[in-house]
Each structure stands twice: as structure tokens, then as C-alpha cells.
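Here is the structure we will look at.
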Amino acid sequence: MQVVMGIDPGSANLGFGIVRVEGNRMVALDGGVVETTAALPMERRLERIHGELGELLAWHEPAALALEEVFFGKNVQTAMTVGRASGVAMLAAAQAGVECFTYTPQAIKMAVCGSGAADKRQVQRIVGTLLGLPEPPEPDHAADALAVAICHGGGAGHRAAAAVATGAAR
């Protein structure tokens with residue numbers, strides 16, 4: 001059994017999703033959004049994100065924290081802000097002794113939906129189905145974070161086998 005925390009980074013709305021992985025079965029343990037207001041200075045927003053993630057990490061004790069990589073579009077300022085939130089999440093994980101992994105949006109969609117071009121609604125529906133939820137998870141930031149956790153959790157067996165093979169090759 002392994003617990004994975006997925007993160008959809010953002011400074012205004014940071015999505016988190018906690019998934020328990022048992023063999024081929026995955027169960028959602030928690031999910032939601034850490035919200036901050038634009039009225040707060042950036043350092044206070046990041047402080048809030050760090051504090052709340054620290055509490056979630058202490059409560060759920062995940063084996064891994066998986067983050068969606070920052071997508072660099074045309075807006076450099078947005079990319080920088082999202083990058084700051086990702087860094088704070090990684091710091092909280094490091095302070096809790098939790099290893100971090102990053103995945104591109106396309107890799108996450110491919111792992112969850114079988115297509116790197118899936119839209120947000122499709123991701124939400126399939127995340128809900130994979131986790132046995134009665135409805136697709138809301139809001140979309142939480143659904144995206146659960147998708148990141150599923151992406152990492154689904155590959156856990158492959159990584160464990162690779163680690164054994166690498167160790168055996170030495």
C-alpha cells in the first residue's frame with residue numbers, strides 16, 4: 001500500500017489530491033483546493049500554501065508527492081507564479097521527508113485517459129471512475145491533482161521493479 005499526494009500548482013488555487021494505491025486499486029482519501037486571495041502579498045500567499053500542505057503531509061503521510069510540471073506559455077509572469085507555488089510544495093514535501101516527482105500535463109492525461117490531448121471534463125470523469133467516486137471530482141483543480149496522483153500511483157509498480165532490477169544489476 002502506498003499513499004500519493006498529487007499537486008496541481010497555483011498561487012491562487014492550488015489543487016491537492018491524496019490517493020491510496022493498493023496493487024491495481026486506487027482510492028481517493030482527500031482532495032481539495034488551497035485558496036489564497038490576490039489581496040495578500042505573494043509571500044503571504046506562499047506561506048499559507050506551505051502551511052496547509054505541511055498539515056496535509058503530516059496528516060496523510062504520503063510516500064510521494066507528485067506535481068504537474070509548470071507549463072510555460074506566453075505569459076512569463078503566470079509561469080513564474082506557478083513555479084513559486086510548485087517550489088513551496090516541494091519544500092513542504094522535503095521538510096516532511098517526502099520524495100517529489102514531476103509530470104508533464106500530457107503525461108498525466110495519457111496515464112489517466114489514454115490520450116495526451118484529453119480535455120478537462122474528460123479527465124474529471126475518468127478520475128471519478130478510476131477512484132470509484134459517485135460523481136466527477138470538483139473543483140477542477142482538485143480533479144487535476146487527483147489525476148497527478150493517479151499518474152504517479154499507476155507507475156509505482158513499474159518504478160519498484162526498475163529499482164529492484166537496477167539494484168540487482170550492481
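Can you say whether ALA66 is of a type outside the set (Phe, Trp, Tyr), touching a residue at least 60 places away in the same chain (Cβ under 8 Å), out of contact with any Lys or Arg (no Cβ under 6 Å at 6 or more places or on another chain) and within 22 Å of LEU29 (Cβ to Cβ), as far as the supplied structure shows? Criteria met by ALA66. The sole residue among ALA89, ALA38 that is more than 26 Å from VAL127 (Cα to Cα) and either small (Gly, Ala, Ser) or modelled with pLDDT under 95 (or both) is ALA38. Just checking, does region 107-125 include any residue being within 14 Å of GLY15 (Cβ to Cβ), of a type outside the set (Phe, Trp, Tyr) and out of contact with any helix residue (DSSP H, G or I) (no Cβ under 6 Å at 6 or more places or on another chain)? Taking every residue of region 107-125 in turn, none turns out to be within 14 Å of GLY15 (Cβ to Cβ), of a type outside the set (Phe, Trp, Tyr) and out of contact with any helix residue (DSSP H, G or I) (no Cβ under 6 Å at 6 or more places or on another chain). Taken as a whole, region 86-95 holds at least one residue that is among the small types (Gly, Ala, Ser), surrounded by fewer than 19 Cβ atoms within 10 Å (Cβ to Cβ) and either more than 14 Å from ALA145 (Cα to Cα) or touching a residue at least 60 places away in the same chain (Cβ under 8 Å) (or both). On the given criteria, is GLY32 assigned to a loop (DSSP other than H, G, I, E, B) and within 19 Å of ALA147 (Cβ to Cβ)? Against the criterion (assigned to a loop (DSSP other than H, G, I, E, B) and within 19 Å of ALA147 (Cβ to Cβ)), GLY32 does not qualify.
The rows are residues; the columns are (1) in contact with a Pro (Cβ under 8 Å, 6 or more places away or on another chain); (2) more than 19 Å from LEU130 (Cα to Cα).
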residue: GLY17; (1), (2): yes, no
residue: VAL21; (1), (2): no, no
residue: ASN24; (1), (2): no, no
residue: ILE49; (1), (2): no, yes
residue: LEU56; (1), (2): no, yes
residue: ALA64; (1), (2): no, yes
residue: VAL70; (1), (2): yes, yes
residue: THR78; (1), (2): no, yes
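Entry remark, region 96-110: residues being under 20 Å from HIS60 (Cα atoms) and either touching a Cys at 6+ places or on another chain (Cβ under 7 Å) or without any contact (Cβ under 8 Å) to a residue 40 or more places away in the chain (or both) number 4 in total.
The values are calculated or read from the model by the stated rules, or taken from the named source; none is laboratory data. Just so you know, these numbers come straight off a predicted model, no measurement behind them. FYI the Cβ positions are ideal-geometry reconstructions off the backbone, even for glycines, and counts take in every protein chain you see.
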